[in-house]
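The values are calculated or read from the model by the stated rules, or taken from the named source; none is laboratory data. This is a predicted model, so every value here is computed, not measured. All Cβ positions, even for glycine, are placed from backbone atoms using ideal geometry, and neighbour counts span all protein chains on display. The protein model used for the area step is the full one, side chains on, heavy atoms only, and it has no ligands, DNA or RNA in it. Shrake-Rupley method; radii C 1.70, N 1.55, O 1.52, S 1.80 Å.
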Amino acid sequence: MKVLIVNGPNLNLLGKREPTIYGDASFEDYFKSLQKKYPKIELTYYQSNIEGELIDKLHEVGFSYDGIVLNAAAYTHTSVGIADAVKAIETPVIEVHISNVYNREEFRHHSYISPNASGIIVGMGLKGYDLAVQSFT
Ligand code: DQA
């Protein structure tokens with residue numbers, strides 16, 4: 001089984017960025033622990049700060065992988081392009097947000113991704129990625 005985790009803009013700074021909201025663990029360390037926890041899953045990770053690169057990656061894996069865990073970060077609230085890519089591909093996409101976007105600023109309450117996501121996990125911290133991966137098993 002092949003599952004890809006895709007993180008959008010500024011999530012390369014996890015561990016350093018607003019730790020009271022996003023925690024103090026780097027995603028690279030957390031990802032290693034996930035790979036250990038799910039040895040039978042071919043688990044890979046991609047991060048980009050560039051909208052088009054995220055779309056290209058969804059196209060690349062979206063007809064062959066078994067699952068995608070997508071935290072499009074700020075693009076969640078702005079990107080019709082990423083939303084269209086999620087709709088265009090065949091691989092199911094679980095949308096994850098580390099923070100509870102619904103108790104934050106109003107502009108974070110709307111997601112272009114959600115209507116075409118097969119599931120949504122919000123506000124569970126990094127554990128949300130684990131729950132999303134688990135949902136594909
Ligand atoms: C986020 C929430 C977004 O509103 C924000 O722009 C992010 C991270 C989250 O994981 O909580 O960068 O997607």
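Structure above, values below:
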quantity	calculated
Filter pass, Ile113 being closer than 15 Å to Tyr75 by Cα and at pLDDT 95 or above	yes
Unique match (being more than 19 Å from Tyr112 (Cβ to Cβ) and touching a Ser or Thr at 6+ places or on another chain (Cβ under 8 Å)) among Tyr30, Tyr22	Tyr22
Residue count for region 1-36, restricted to those that are small (Gly, Ala, Ser), touching a residue at least 24 places away in the same chain (Cβ under 8 Å) and closer than 23 Å to Tyr65 by Cα	1
Elements of type helices (runs of 4 or more DSSP H) contained in region 1-109, each with 2 or more residues being open to solvent by 10 Å² or more (accessible area, probe 1.4 Å) and more than 16 Å from the ligand (Cβ to nearest atom)	27-37, 51-61, 80-88
Every residue from region 123-137 that is touching a Gly at 6+ places or on another chain (Cβ under 7 Å), under 22 Å from Lys57 (Cβ atoms) and either assigned to a loop (DSSP other than H, G, I, E, B) or near the ligand (Cβ under 9 Å from one of its atoms) (or both)	Leu126, Phe136
